[in-house]
Structures are given as C-alpha cells and as structure tokens.
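Take a look at the structure below.
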Amino acid sequence: MTPYFSQAGLYLIQVLFGFYILAVLLRLLFQLARADFYNPFAQFLVALTNPPLLPLRRVIPPAGGIDLASLVLLIALQVIEIYLLAWLQGGRVTVGGVALLSVARLIELAVWVYIVAILIRVVLSWVNPYGASRHPLGDLLYSLTEPMLAPARRLIPNLGGLDISPIAVFVLLQLTLILIVRPLEDAGLGLMMR
C-alpha cells in the first residue's frame, strides 16, 4: 500500500470514528447532566446514535442512572479505532495497551468537550448575557456545564460581579489531562509497544 493511501485511510478512520465517538459521548454527557432531549441538537444526537444503541440497550440495561450501553459502545468504538489505526500502520497491539489507551482517549475527549463547552458559554455570556439561554444550543451548554461551574462558584467568592469559576474549572480540567490522562496514555502506549 502506498504511503498516500495509508495516510488517507488513517485520516478517514480518525475523522469517521472521531465524529461518531463524539456524538455518542455528547449523548451520554447530556443524559448524565439531565439535559432537555426535546432540544433540536439533542434530537439530532439521538437520531444519529440510536441505530447501535437500541439493540445494545436490550442486552445492557442502565445502572445507577448511567447508560451502560452508551459506555460500552464508546469503549468498543475507541478500541476498534485504535486497532484499525495500528493495523494500517503495521503495528502490533496488546489487549491491555488498547484498553488503557481507549480509556485515556475517552477521558481526554470528555475533558475537551467540557473545556470547549465552558469556553463557548463564557463567550456567549459576554456577547449576550441575558439571551444566551434562549438559543437551543445555549440551553444544552448550560445543562452540560452548570454541574461543573456551580460548585466552583460556591467555593470562589464573587469578585464584584466577575465570575471566575470558569477559570478554576479550566485549571481542574487541565490538571485532569496532566495527572490522569497523560499517565494512562503513556502506560497504554508502553503496553502496546511490548
């Protein structure tokens, strides 16, 4: 296989799997945040992710308010993506390495979803402080980010009307990337190289 076709294959796998993994992750995060699923964007995610999730839900019931079928689908998609990428690059993989790397990548994606969602919410609050929640996407962003921002807002005193809770949450999310995600990724890659 020429390097051009190999690179194109790697790119397509990353884009297609990345998009679908993000859709399933957003659906799971919106469920955990108890977001409004009558929202048009949420309805799009439901329509997009229902084909594999409905059969999985018949076999894997939810537990403790967590949609285990979505979690299993996320892990399976991430594992398949890593195996396909390794196969196209001619590398060998181990089950333990792929498992650790999959968990690390999913946590990393969830952290970045929160970082971007909080950043968009902050920008929307500057542009239109009172009308941001009137937009369907603004409602979802509020539902998704408020469980993280509310505790930070309670801990950090109000600084004359300036809410710096997003900064505290950004620091916490970055520490998660440094202290949890990177070591898991390194361990997973180390196991895969054996």
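The values are calculated or read from the model by the stated rules, or taken from the named source; none is laboratory data. Note that the structure is a prediction, hence the values are computed from the model and not measured. Quick reminder, even Gly has a Cβ in these numbers, built from the backbone with ideal geometry, and neighbours come from all protein chains shown. When the accessible area is computed, the model is the full protein with side chains, heavy atoms only, and any ligands, DNA or RNA have been set aside. Shrake-Rupley method; radii C 1.70, N 1.55, O 1.52, S 1.80 Å.
Structural remarks
- Among 114, 148, 65 the positive-end extreme of the charge dipole of the chain (Cβ point charges): 65
- Of 101, 16, 141, the one that fluctuates the most in a GNM where the chain has Cα springs shorter than 10 Å: 16
- Solvent-accessible area of residue 36 with every protein chain in place, 1.4 Å probe, in Å² to the nearest 10: 80
- Span from the the stretch 8-83 Cα centroid across to the the stretch 166-194 one, whole angstrom: 22
- Mean separation of Cα contacts under 8 Å (6+ apart) over length of the chain, as relative contact order %: 27
- Ellipticity estimate at 222 nm from DSSP helix runs (n ≥ 4, -39,500 (n - 2.57)) divided over the chain, nearest 500: -26500 deg cm²/dmol
- For the stretch 43-83: accessible area per residue (Å², 1.4 Å): 53
- For the chain, the spherically averaged projection of the C-alpha convex hull amounts to 13.6 nm².
- Set against the 2.2 N^0.38 Å expectation for a compact globular protein, the stretch 49-161 has a Cα radius of gyration ratio of 1.44.
- Kirkwood Rh and Cα Rg combined as Rg over Rh, evaluated for the stretch 1-92: 1.07
- Degrees between helix 182-192 axis and first principal axis of the chain (Cα, 0 to 90, nearest 10): 10
- Cα principal axis extents for the stretch 14-54, largest first, Å: 29, 18, 18
- Whole-percent carbon and sulfur share, accessible surface of the chain, 1.4 Å: 72
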